[in-house]
Structures are given as C-alpha cells and as structure tokens.
Amino acid sequence: MTPDVQPTDETIKKLSSQETEYAPPPCVAENAHLKDAKAEYERWKSDPDGFWAAEAEKFVWHEKWHTVSKFDGVYHEWFVGGKTNITLNALDRHVKSDRRNVAAFIWLGEDGTERIVTYDQLLRLVNRFANGLKSLGVGKGDRVVIYMPLTIEGVVSMLACARIGAIHSVVYAGLGHAALRDRIEDAQAKVVITGDVGFRRGKAVPLKSITDEAVADLEFVEKIIVYSRRLPKIEFVSSREIDFDDLMDFPDKCEAEMMEAEDSLFILYTSGTTGKPKGVVHVHGGYMVGTTYHLESFFDVNRSDVFWCTSDIGWIVGHSYIVYAPLCAGVTTVFREGAIDFPHHGVVWELVQKYGITKMFTAPTALRFFMRFGAEIPAKYDISTLRQISCAGEPLNPEAWSWSQKHLCGDGDWGYVVDNWWQTELGGPTIGTPPTMAMRSGKAGIALAGVEAGVVDAEGNDVAPNVGGRLVLRRPFPHMMRTVWNDPSRYERMWKQIEGCYVSGDVAMIDEDGYIQVLGRADDVLNVAGHRIGTADVESALVSHPAVAEAAVIGVPDEIKGESIVGFVQLRQGHEDHESLRASLVEHVRIELGPIATPSKINVLKGLPKTRSGKIMRRYLKALEMGTDAGDLSTLEE
C-alpha cells in the first residue's frame, strides 16, 4: 500500500556492495517468447501509443477505440471510445476456436481432490451464474463483494459479475468480520457472495458465520448468496439469503454486457501492511491488454505451458494471474486451495511432477519457506519440467534466490528463477528480470516495456547510480489503477507528492545498466546515526547466515543514534535459539555490512507476522517491540 505522506530527508544509503550476476540458462533464453527485452523496450519508447494499440488489436472489441491514451498528469484513460467485455476475450473467443475443449483450470484441494474445467464448461458455468445474478436485479455498475474460498465457484463469481457489468470486490476468505464489513460498506455492495467454509491445513475455516456478523444491520445489502461445500447444507438465518446452487439453475447462454474500456471491472482493497486499506479500481480495457501482454512477454507463458500461480483470488496476483490474464491468453492454469506445506512439505514439488508444470508464479516468502525445510525435499521429485519461477511481493534476497536457482531449477540445467516488482495499484509486472537477461543478485530487474521508472530524492531529482531514493513511475500504463474508490483525493496524492511522478512508496536504487533494487518500504527506512538504510540490506545479511530462514528488521528510538536496529528471525530446521546464536547473527551482520547496520538486538520467532498475501508486517513488529498501537491488523495472518 502506498503511504499518503513520504519522508522528506536525504537519500537512502546502500550498504551491501556484494553483487553476483547469473547468465540466463540457454534452455530458457533460447525458448523464450520475447527474445530481446531491451529491443522491446525501445519499440515501446519510440511509439508508446502505437505499441499499446498493436497489443490491443489482439483482442475482441465490439467497437474500436478512437484514442489510445489520455493523461493529464494525474488521471489517465486508455482505448477511449472502445467497447468490449473482458469475458468475451477470456472465454467466448476460445470457445469459438480450437481451445474449446482445452482445460482452462486444474483446481486442486488439500485433500487431493482434482477438478478440471474446460473453456467451454467454464463459459457455461459463468453464463448460468450471470443469469442467476441478473434474476436478483444485479446489473451494470452494481457492486458485489465476493468472500469465497479458493475454488472454481469463486472464479465463476468474479467472471459472472464481469459478464453483466457488475463491479466485483473480492475479499480474501479468512479476513475477520470487521475487515469484511468495512469493505462491504465502502463499496456499498448490493450483494455478498460467500461460502460455508474454506479449508486450510486440513481444517475447515468458517466463512458464513463471519459473513453473518459482517452484514448485520447493513440494510443496503439486498442478497447474500451462500455456496455450500458440506452436507447437510448450512441453514439460512435470513430471508435475504439464497443458495448458490439455485442461481446455477439458469440457462447457459448470457450475452456479455458491452462495457466502455474505462468502465470499472473490480475494486480490490490493498493488503494494509502500512495502514488503512484502500479500494484500488481497475477497468475492463487497459487491464485486459496490459496484464495479458506481460503474462506472455515477461512470465513467458503460452498455450503449450501448464502454469501454476500459488496466490489466491483475494489478492491482485490472483486477479491478474489466476483469473484474467491466463484466461485471456487461453492457457491452462493450476490453482490450489490450502497451505503450500500441507499435507506434507513436498506437496508443491509432488504436484509439479504430477502435472508437468512448466511455469510458476510465487512469492519470495514462499521460496524462503522452501529453503527453511532443506534441499532434500525437492530433490525427491522430478521437477525438471519447471522452466521458470517468477516471484514478487517482497524483495527477493540473494541467498533465497541462489538456493532456489540451485535446488529448484537445477542450477540452470532446466530452469530460471526471476524476480519482479509491482503493486495492487499497478495490476501487473512493472520491473523485472526477463528470462533472456542476466539476474543480478538482490535486484528486481529493469523497467519493462510500458514503464518509465526512476529513483529520485525528495524534490524529484534523479539520484546518482547506486544511491538509494524513492522509486517513482513517470507515466501511466494501461493496466494501472484508475482511482481509489470513494476517495479520489487519495489517488491524486500519489501523483502530486512529487510533480509528474507516481510515488510508489518504496525506496530503491538503480545501477548504471538500469537494474533496480527495491530496498524496502519508504515508511520502513531505518535512520541510524544520520544514515538512512533500507530494510532489505540488513534482512538479506541476516538470511545469508546458515541458521536463518527469514528475517525482518525495524528501527526503534535510540537517544544516541536516533534509531537502533532490532532484528527478528525465523530459523531453518535443525537450528535452535540460544544466546551464542544471536550473538553470531549480530556479528555476521557487522561483518557483512559494517558497524552502522549492526542490530542492537535479535529476537527469534517461530514465525514472522505476515499479511495473508505473504508480506511481512513490520509495523506490527514495531508496535510489539515498543508497546504501541499497530493500527489496522485486518489482513494479519493468524
């Protein structure tokens, strides 16, 4: 989430000078869809509107646009005058082609349940439910909150809303009733779609009871649709409740509502790592074009691939790369409900072997999780089909990247681990290491086609190479957010803090070749003895210790230094907490980064507090350490 107020003092000091470069494995680079990322960037830069117009031509439009883009320095529009519906491109055009009977989704449950749905079957399911929603009076512009487990029905709910022009707002299944209520109220949802339960680590997670609390006394909510997974079905407690299955008992033909390219597709509330969540708005046209482009060009996913995205539909990654972009591209996508280490630590690699998965999108926190359990786990399985693992969500520290490249990708014998950076607000990859380029340790990569990125000081001036500053974007792109729901001034502040720039809220540095390293959140920057330090440097130094699986650092007030550094670590299997280990961790950081970054204290935890999307919640650690209020914790994983 982007903070509303940025620090205004000097640039951030980059401490780590160690850097290694890893050439792209020939088996990956030679077979990549996009052979030359730098040439692609120059193609975009030479004619930005022509570039995006050519990409948009690949989609079905009811009416073609008359203007590719408009930008007034804050607000932007794309494919103006164009009319389409994202579901026409995600479903209908494939059903009318030779993709009709190709698997759109392979859904997996923790208990081993498998469900395969073809493009034709998915279109029929979506049409039935869309007609069911229409029978309730849901139409264009109405908001529908979806609080569903990670199931085919959850995806059908999203697509059915899009089909009829309703605006969906998916809330991660598992957030508490207060968080759910806040989002329902902010969106003024006409309908809420929920499930009886979800499943995680073999246990049922109640959803309906949470929904009941959330909607109590909210008279503007007209209907609550309940998807029951267990028998006997859950008993309804209100006359406004209706069975999900009843809404599937409708004809399987439903014409897609024609939408302006700039009509809202969904509202998605940010994960809240730094404060109050906000409702990010994305639209039918530009979001469709941009996210699909990056699936094919950066993630290198095409119709011959089996793609697994380990996220959830409750997050932007799930929206973009479980649901919309893969369907628009006509590929087969795997998604799975539950924990990545249940029912055993090797279940991910067991499934890669079983389905011959070729491309995977996951998070750095997942790679560190795998590292924690050791290389012997993936070594038990044949995962040589896995050509590319892409990750985003937190800075990918060099140790986790190196371990993953060696043990998950055969040290380049069959695959490549690449990093990328983006946000809920940005919709899709913005900075990344394309599979034909060398990976530089700790660096997310270069600005991708469509993106003009910079690292600047508080006044908006470019900082020197390898000096930390604020990461900004100097122009919008089609899949970027349009506004903040019910709070346009909050959106406007993102473009007005530094004139002519979208301020991302992250601090970063850029090298002479354009590789960008994200150093952490601007509001997490450490200020030690007058030196401003990004959290990523210190955390990476801790993770490079053989006993540490994951780390987070915070700054706490210090009378002499201004702030002192407190570290929190989770240990790898086989290591125990003791005073000598903590002392060795402090000394390890001192040796790696110098005295300025030496932690004053190390805490060993069984697990670091994270949002339900896998991001470390450092402000919660800081509140615990200082005994202060942590603010909104609605997205904190229990």
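What follows is calculated from the coordinates using simple rules that are stated; it is not laboratory data. Predicted model only: the values in this text are computed from it and were never measured. Counting neighbours? That spans all protein chains shown, and the Cβs are built from the backbone with ideal geometry, glycine included.
Below are the figures for this structure:
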| read-out | value |
| --- | --- |
| Full-extension gain in nm, Ala204 to Arg230, via 0.36 nm per residue minus C-alpha separation | 8.3 nm |
| Cleavage-rule hits, GluC sites (Glu not before Pro), segment 230-323, DSSP coil, Cβ neighbours within 10 Å at most 15 | Glu235, Glu255 |
| Under 25 Å from Lys406, Cα to Cα: lysines that are on another chain or at least 8 residues apart | Lys35, Lys354, Lys359, Lys380, Lys443, Lys615 |
| Whole-number percent relative contact order across the chain, with pairs defined as alpha carbons under 8 Å at least 6 apart | 16 |
| DSSP beta bridges in the chain [antiparallel fraction, %, rounded to 5] | 60 |
| Qualifying trypsin sites (Lys or Arg not before Pro) in segment 108-166, DSSP loop, other Cβ atoms within 10 Å at most 15 | Lys140 |
| Label point distance in nm, Arg303-Lys606, each placed 7 Å from Cα along Cα→Cβ | 5.0 |
| Under 16 Å from the Cα of Lys278 - aspartates and glutamates, other chains or at least 8 residues apart | Asp4, Asp182, Glu185, Asp186, Glu425, Asp487, Glu492, Asp632 |
| For q = 0.10, 0.14, 0.17, 0.21 Å⁻¹, Debye-computed log10 I/I(0) when each Cα of segment 525-626 counts as one equal scatterer | -0.24, -0.49, -0.72, -1.10 |
| Normalised alpha carbon radius of gyration of the chain [divisor 2.2 N^0.38 Å] | 0.92 |
| Loop-located GluC sites (Glu not before Pro) in segment 125-225 whose Cβ has at most 12 other Cβ within 10 Å (DSSP) | Glu219 |
| Built amide H within the under 5 Å cut-off of Gly198, gap 5+ | Val205, Leu207 |
| Reachable aspartates and glutamates from Lys622, criterion Cα separation under 13 angstrom, eight or more residues apart if same chain | Asp523, Asp524, Glu563 |
| Fully extended contour minus Cα-Cα distance, from Asp577 to Thr385, at 0.36 nm per residue | 65.3 nm |
| Computed helical MRE - 222 nm, the chain, DSSP H runs ≥ 4 contributing -39500 (n - 2.57), nearest 500 | -7500 deg cm²/dmol |
| Charge dipole magnitude, Cβ of K and R +1, D and E -1 - the chain, Cα centre, debye nearest 20 | 920 |
| Rough spin-label spacing in nm, given labels placed 7 Å along Cα→Cβ, for Lys140 and Ala23 | 5.6 |
